[in-house]
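Down below is the structure, laid out as structure tokens.
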Amino acid sequence: YLQLTLAILKPHVVKSPFVLQKIRDLIIDNNFKVVRSRRTTISHEEAELFYKEHRDKFFYNRLLTFMCSGPSDIYILARHDAITKWRQLMGPTKVYQAQYNAQDTIRGMFGLSDTRNATHGSDSTESAKREIMIFFKDFNINKWYNNE
Ligand code: CMP
């Protein structure tokens, strides 16, 4: 069935027209449909809410500073098995794993560091719902799932 995931193309991607176009092409070539999209500079409040599970991590402040440093492209993507497929296409979070073992993934190609790792993707259906509601407040996700 068509599943939704929340994808973020992070600030260093949006700043680079070539990389941005490559990732957009990968999204379409991998059969994702873009259900909603917006370009926005994520506010500190949104980032705190979005990354609340990481608030005790050593990289938390660095992560928030980076994510709020410029515009991101935020997408609701739909596809069969979207959550798993998008995470496969992104590759590993850590840039050394991505660059050594997953060179054909988005992070393998365009990740610059563990923080500037190009893209975000929801890790479960619960996270996808939570994350979509943070950035697309008028999107009725329950209606989407009840209609299938
Ligand atoms: P993301 O998928 O957006 O979710 C959590 C983010 O934290 C992750 O991508 C990275 O940007 C960041 N992150 C995860 N692990 C590390 C790390 N070890 N050092 C720095 N940043 C990290």
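Since every read-out is calculated from the coordinates, none of them should be taken as a lab result. Predicted model only: the values in this text are computed from it and were never measured. All Cβ positions, glycine included, derive from the backbone under ideal geometry; neighbour counts span all protein chains shown.
Every test in (1) within 13 Å of the ligand (Cβ to nearest atom); (2) outside any loop (DSSP other than H, G, I, E, B) is passed by residue 132 save one, and that test is (1). Look at residue 6 and say whether it is of a type in the set (A, V, I, L, M) and either in a helix (DSSP H, G or I) or more than 16 Å from the ligand (Cβ to nearest atom) (or both). Considered against the rule, which asks whether it is of a type in the set (A, V, I, L, M) and either in a helix (DSSP H, G or I) or more than 16 Å from the ligand (Cβ to nearest atom) (or both), residue 6 comes out as no.
The residues in segment 43-59 that are in contact (Cβ under 8 Å) with a residue 60 or more places away in the chain and away from the ligand (no atom under 11 Å from the Cβ) can be counted, and the count is 2.
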